[in-house]
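Just so it is clear, none of the values below were taken in a lab; they were calculated from the coordinates. Everything numeric here is computed off the predicted structure, so don't read it as measured data. Cβ: placed from backbone, ideal geometry, glycine included. Neighbour counts: every protein chain shown.
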């Protein structure tokens with residue numbers, strides 16, 4: 001929060017009186033204090049990006065708003081650059097289409113079949129730091145082998161950017177899973193097969209799942 005806004009009195013109504021779309025970006029305590037007394041235009045679409053406020057609580061905080069006009073979203077920081085997934089629930093019904101066109105302007109809507117699906121996917125966002133740490137390890141290793149830092153960094157960044165784009169473009173849960181992509185890259189007796197086997201024997205994939213499980217437990221208050 002901007003330090004200049006701390007302690008400022010929140011005056012929402014003049015802002016939303018003529019709005020077609022209202023994004024709710026309040027801290028939980030502020031939301032519980034302000035929203036029940038706020039009146040929204042009947043035609044307004046209400047999009048909540050408050051990570052810890054569930055749909056059930058949203059509906060309770062907004063008793064005069066038609067539930068079909070409320071959607072819950074979880075964007076990533078990368079959406080500031082119009083990149084990355086935006087968890088969306090619900091995705092169908094009411095006025096919200098699967099992959100809402102408005103949300104497509106700031107990222108890639110990923111529609112959850114149920115609100116319960118959001119928590120495990122939120123847990124996966126804790127992989128951002130490990131992802132960059134993995135990149136840093138590769139860049140450092142290349143530098144230790146004599147590659148200049150700018151070259152190593154540029155190569156690692158471009159490599160993972162390409163892999164990410166291909167994964168997003170080509171993934172298909174029925175015909176081309178991530179496991180299929182891994183197998184395709186693992187030429188028999190090749191470099192990728194060797195590295196995948198080395199990391200597998202070290203238990204890396206199990207450790208990744210364990211780290212995600214710990215985050216999910218934390219999100220659930222454990």
TODO: Among (i) 57, 36, 26; (ii) 77, 33, 32; (iii) 65, 44, 35, find the value of Cα extents along the principal axes in Å that was calculated from the structure presented, and write down its label.
DONE: (iii)
Task: Relative exposure of 64, 100, judged by other C-beta atoms within 10 Å (fewest first) - done: 64, 100
TODO: With r as the distance between the Cβ atoms of residue 32 and residue 176 and R0 = 41 Å, compute the FRET efficiency 1/(1 + (r/R0)^6) and round to 0.05.
DONE: 0.40
TODO: Averaging sequence separations of C-alpha pairs under 8 Å and six or more residues apart, then dividing by the length of the range 52-188, give the relative contact order as a whole percent.
DONE: 13
Open item on the list: Which of 42, 170 has the fewest other C-beta atoms within 10 Å, and how do the rest follow up to the most?
Closed with: 42, 170
Open item on the list: I want to check the label-to-label distance for residue 217 and residue 114. Put each point 7 Å from Cα in the C-beta direction and report it in nm to one decimal.
Closed with: 2.3
Open item on the list: At 7 Å along Cα-to-Cβ for each site, give me the label-to-label distance between residue 25 and residue 193 in nm.
Closed with: 5.1
Open item on the list: Can you tell me the orientation of helix 149-170 relative to the chain, as the angle in degrees between its alpha-carbon axis and the longest Cα principal axis, to the nearest 10?
Closed with: 70
Open item on the list: Among 66-79, 135-148, how do they line up by average Cβ neighbours within 10 Å per residue, starting with the highest?
Closed with: 66-79, 135-148
- [ ] Give me the number: length gained by fully extending residue 60 to residue 16, i.e. 0.36 nm times residue separation minus the C-alpha to C-alpha distance, one decimal in nm.
- [x] 13.9 nm
